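Single-structure report; data block below.
Where a number appears in this text, it was derived from the coordinates with a stated rule and is not lab data. Treat the numbers as computed from the prediction; the structure is a model and nothing was measured. Every residue, glycine as well, gets a Cβ built from its backbone with ideal geometry; the counts of neighbours run over all protein chains shown.
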Amino acid sequence: MVEDKDAPRPGFFYGWLALAVVIVAWSFPPVLVRFLASDFNTIEQSAFRLVSSTVVMWVYVLLFLRKEFSAFRVELKPTLIATLFIFVYQFSWVTATYFVMPTIMFMILKLNLIFGAIIAYIWEHSEREFIRSKRFIAASALGLAGAVGLVLAGIGSGEEHSLLITGWQGYAIGVALSVVGAFTWPCYSLFAKRIVKDNHPLIAYLYIGTGSTITFCLLVPLSSGSFSSFIDAPFNVQMIVIFSGIICMSMAHAFYMVALKYLGIAVCMLGLLATPVFSYFVGSFRREVELLAVGLRADSSERLRPDHKTEVMIGALKISSNKKSPALMAGLL
């Protein structure tokens, strides 16, 4: 019997469905992380979001996936390497949002398509045919051109990016951190794909997420942070941390594992090009974002100033010697 090369692979539909969920879920973090910057430093907010994510995952697994959990065999080396890459990625892109506007950071991260193609072509032989295809090459070229073009546009409009904290130096730091994030994400995906190959997606990420959570928690005191920051934060801010952890981390990462398992690294990187579009759509609800900002900052002397010429999102953080310096509200291109 001749095999039909054009026939969808087993799990193809579930892979794309999972990737669609991931794309939508990961359209929120740039907005939420930028907002949380006024209450927590980089390490604190990553640690608090990861804690909420990890606690929910462990509770769910122990209640509903005991059999799969018992059968899971931890591969220490790839799990530790994946944990290292996801830690560097998380730290890089979250810190980048303190230096550059989310749109710029998000588009630079899309360079992971290029890095992912190279990594998958070298180490994942099953993906080489797709990577060599004209469709993938064309999409990769457009993604690279768009990311570079946006960075150059940002550099050429210093006045328009007046909220960037340290001018050219701050912009360069933000761009560099975004590039690091773009490289480490496909590296993480390579090892995550190998871990999830014969395992349950949620449990496969459970150990990676737990390792990353422990790492960030250990770094909280070293970053001049404190776990009391979460307790002292407004209730609504605490809810955003928990929501972000559950939806954007535990759920989204579990679905990303499904997508990796059935679609592969290159296809996932290509699909994730859509996240900036959805992120912009989230930020396009100007009135709703304004009301959210005012409500969450009701106890603060700062208020949002609507700019009717731009789509308003939660703005940039002005970095100073005080790790919790006030957040500025600004329009986003």
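Tabulated data for the structure shown
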item: Relative exposure of Ile131, Ile137, judged by other C-beta atoms within 10 Å (fewest first); result: Ile137, Ile131
item: Centre separation in Å (Cα based) which lies between the stretch 47-97 and the stretch 206-228; result: 12
item: Proxy reagent accessibility, fewest Cβ within 10 Å first, across His125, His200; result: His125, His200
item: Gyration tensor (alpha-carbon) shape descriptor, the stretch 17-64, a/c threshold 1.5; result: oblate
item: Relative packing of peptides 21-34, 258-271 - highest average C-beta neighbours within 10 Å first; result: 258-271, 21-34
item: Ascending count of other beta-carbon atoms within 10 Å, so fewest first, for Met239, Met249; result: Met239, Met249
item: Computed lengthening from Leu76 to His125, 0.36 nm per intervening residue step minus Cα-Cα distance; result: 15.3 nm
